[in-house]
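Remarks on the structure that follows.
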Amino acid sequence: MTFQAYIDNIKEKTGKGPSEFKQLAAKKGWMEGGKLRGDVKVSLVVAWLKADFSLGHGHAMAIVAILKGLNPGEKK
């Protein structure tokens, strides 16, 4: 499955895309400069995504990558 397929599946399941997850993480105080703060544990974010959005581990990690400012599917 491609990275974009993960994002598409997440959007289909939750109705939320990357920008909405960034906004929600910002409301939790986890973002700084448009990226996940370095002191925020990935396990905390993954637990939130699993609990609140019923995402599996792989899909949650795709959102973590976006929050960190990474996009594994992006061409350089």
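Quick one: Karplus J couplings for region 32-38, per residue in order, coefficients 6.51, -1.76, 1.60, θ = phi - 60°, nearest Hz, x for Gly and Pro? These are the phi-based 3J(HN,Hα) values: 8, x, x, 9, 4, 4, x Hz. Per-residue Karplus couplings for region 55-69, computed as 6.51 cos²θ - 1.76 cosθ + 1.60 with θ equal to phi - 60°, are listed in order as 7, x, 4, x, 5, 4, 5, 5, 5, 4, 4, 5, 4, 7, x Hz, Gly and Pro entered as x.
Per the Cα gyration tensor, the chain maps to an equivalent ellipsoid with semi-axes of 18, 15, 11 Å, ordered largest to smallest.
Residue by residue, region 11-28 carries 3J(HN,Hα) couplings of 4, 5, 6, 9, x, 10, x, x, 5, 5, 5, 4, 5, 5, 5, 5, 4, 7 Hz when phi is fed to the Karplus relation 6.51 cos²θ - 1.76 cosθ + 1.60 (θ = phi - 60°); x denotes Gly or Pro. Shown for region 3-67: lysine pairs separated by 8 or more places, or found on different chains, whose C-alpha atoms are under 21 Å apart, numbering 21. Within the chain, the GluC sites (Glu not before Pro) that combine a DSSP coil assignment with at most 10 other C-beta atoms in a 10 angstrom radius are GLU74.
Between LEU36 and residues 5 or more places away or on another chain, which pairs have amide H atoms under 5 Å apart, with H built 1.01 Å from N, and which residues are they? Sorted by chain and number, the residues that satisfy this are LYS68, GLY69. For the chain, what's the relative contact order in percent, using C-alpha pairs closer than 8 Å and at least 6 residues apart? Relative contact order for the chain comes out at 38 percent. With neighbours defined as other Cβ atoms within 10 Å of a residue's Cβ, the residues LYS13, LYS22 order from fewest to most as LYS13, LYS22.
Values in this text are rule-based calculations from the coordinates and carry no lab data. Owing to the predicted nature of the structure, the values given are computational and were not obtained by experimental measurement. Here Cβ is always computed from backbone atoms with ideal geometry, including for glycine, and neighbour counts include all displayed protein chains.
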